[in-house]
Amino acid sequence: MRMKEPYEAYLDDYDILNVYMSKNFFNGSSRIFHLKDTQDHIIPLTIQSMSDLYNGYTHYRLSINGMINVGEEYTLYDEHCKRAVCHYSHIVKTNRFNDEFFYDGNDLGCLYAPAITTFKLWSPVAYRIQLCLESDGKREIYEMERKDRGIYEVRVNKNISGYHYTFMVRTNGQWNETIDPYSSFCTQNGLASVVVDPKTLSIPQKIKLKPMKKATDAIIYEASIRDMTSQANIGVDHPKKFVGFTEENEKTRALNTGFSYLKSLGITHVQLLPVFDFGSVDEVYPNIFYNWGYDPVAHRCLEGYYSTNPKDALCRVEEFAQLVQNCHMAGIRVNLDLVFNHVYEKENYPLEKLVPDYYFLMNQQGEFSNGSYCGNDIDTQQRMSHKYFVDTCKRIVEWFDVDGFRFDLMGILDMNTMVEIRKALDKVDPNILVYGEGWSMFSGDPDYGYRHYDMGTQGNINAEGDNWVGAFNDDYRDALPGKNDDTSVRGYIQQALGYADGEAINQTKLEKIYYGLTGTYWTGSTGRPTYSSKS
């Protein structure tokens, strides 16, 4: 959000600078402006327009009469020699920025080797980045070198297996410390990333399951790692943990509890509520706070809340991998609930610290989309954001051999990303399920970079045709019991058989149930559906 400080400047394009001046200072007036870089070079600016805003600010739109070097640190001067740091803002959303800085390599993060470990980050707008290594209470600082396409790199010429590390990133005139968003290894509560020798990681061999004939044969049971074994005296030695989820013994069989109960249901898949690092619990005191995990902090690190030893970066990885294998040994596939639509705290999100504003839906005025009702909606349309989330899904499958993904608030994500995830996973295993909540969470305002037909909603999924992306059908759900958020709208089981109560569309409850049962989507007032989902 803009206009918090008396004097602010935002680079919104390669040739556009937007400035906001409080009227409390020189009545918000300046006849001239210029930029100065760290080498004291001056870039002239021209006032295109000036307008008084309702909130006591004056807005200036300035044209930049020179070349901007992205990553340089610029200071804005007005006629009174007042100074403001220029923030890289909407410029990061431009096609030119995406084209100039897109990096198609798969080597970001930490690449360990006994003699030389390489660290790489993508941060085109960063002025400087430092690697901070820590071992046995000793801290070492390494300056990272800027390369092409906004890549920062440094090599450490010694064996640093087991070292903790963070990055100090200078963007928009400030230093911020962040973990490695590309790493799958972190310390307790995700305060630091950990260098790991892959040879020390013990992940069980994959178990090949008989392919499913079709996706609609799936019988899916949703479960929380914590809740599944939280009841006392059910025979589980490690309740609320990855390990406890698949514990089985004479007592669990006799009581039909925990994993014994799960196996008795005849399901094909268990869908786990979020298992990747989330922010609303304390891994040191796991019984004080409670949350299902829909507040992500890191998308590639598993949640230590569910580990028997959250201080050990390998433990949570190995325990979860064993959980998946145990389920597979019992003939049960594992689907994961992924939360890619928002984060716990935008300002502390690792990717945000590397490239501010890039990974979130934002309009030209610096306002952030709030379709998730969390104050920050992820922008998967930007090329490096799109790549990050597609690559994350591929890594999870390759590491843990999971069998499907359920995407929380999928309507916030763009349809192209969902289709690319589907295509990428098809190359690994076409039996992997990809589905989510296809709700229309907001208007699809193009000011935020989205239009209705861009989004991962129910209608667009069907319109995409033969792409194997599925969605929950709330029309079908509401047609049976009635609307869950409006008890006055009755459903079929309440003998409301006619047209949908309180709705303008001309569709009966029976028609909605028909489309739900057949896996199709209603697109008009009469006749058969125009599009049908793959079954």
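Structural remarks
- Unmatched cysteines, the chain - criterion: no other Cβ of a Cys under 4.7 angstrom: Cys81, Cys86, Cys110, Cys132, Cys315, Cys327, Cys374, Cys393
- Between Phe102, Ile225, Gly411, the Cα set farthest toward the positive side of the dipole of the chain (charges on each charged residue's Cβ, about the Cα centre) is that of Ile225.
- Share of pairwise Cα-Cα distances greater than 33 Å in the chain is 49 percent (whole percent).
- The portion of the accessible surface of region 328-448 made up by carbon and sulfur, rounded to a whole percent, is 44 (1.4 Å probe; DNA, RNA and ligands excluded).
- Its relative contact order, with pairs defined as Cα atoms under 8 Å and 6+ residues apart, puts region 71-131 at 31 percent.
- Accessible surface for Asp148 stands near 130 Å², nearest 10, in the context of the full protein assembly shown (1.4 Å probe).
- Calculated SAXS-style log₁₀ I(q)/I(0) at q = 0.09, 0.12, 0.21 Å⁻¹ - region 1-153, Debye, Cα scatterers: -0.39, -0.63, -1.27
- Sparse-neighbourhood loop sites, trypsin sites (Lys or Arg not before Pro) in region 374-463 - DSSP loop, at most 11 other Cβ within 10 angstrom: Lys427
- Residue ranking by accessible heavy-atom surface, 1.4 Å probe, largest first, among Trp439, Trp399, Trp122 comes out as Trp399, Trp439, Trp122.
- By a 1.4 Å probe calculation restricted to protein chains, Met67 has an accessible surface near 150 Å², given to the nearest 10.
The values are calculated or read from the model by the stated rules, or taken from the named source; none is laboratory data. What you see is a predicted model, and the numbers here were worked out from it, not measured in a lab. Heads up, the Cβs are rebuilt from the backbone with ideal geometry, glycines too, and the neighbour counts pull from every protein chain shown. Side chains included, ligands, DNA and RNA excluded: accessible areas come from the protein's heavy atoms. Shrake-Rupley method; radii C 1.70, N 1.55, O 1.52, S 1.80 Å.
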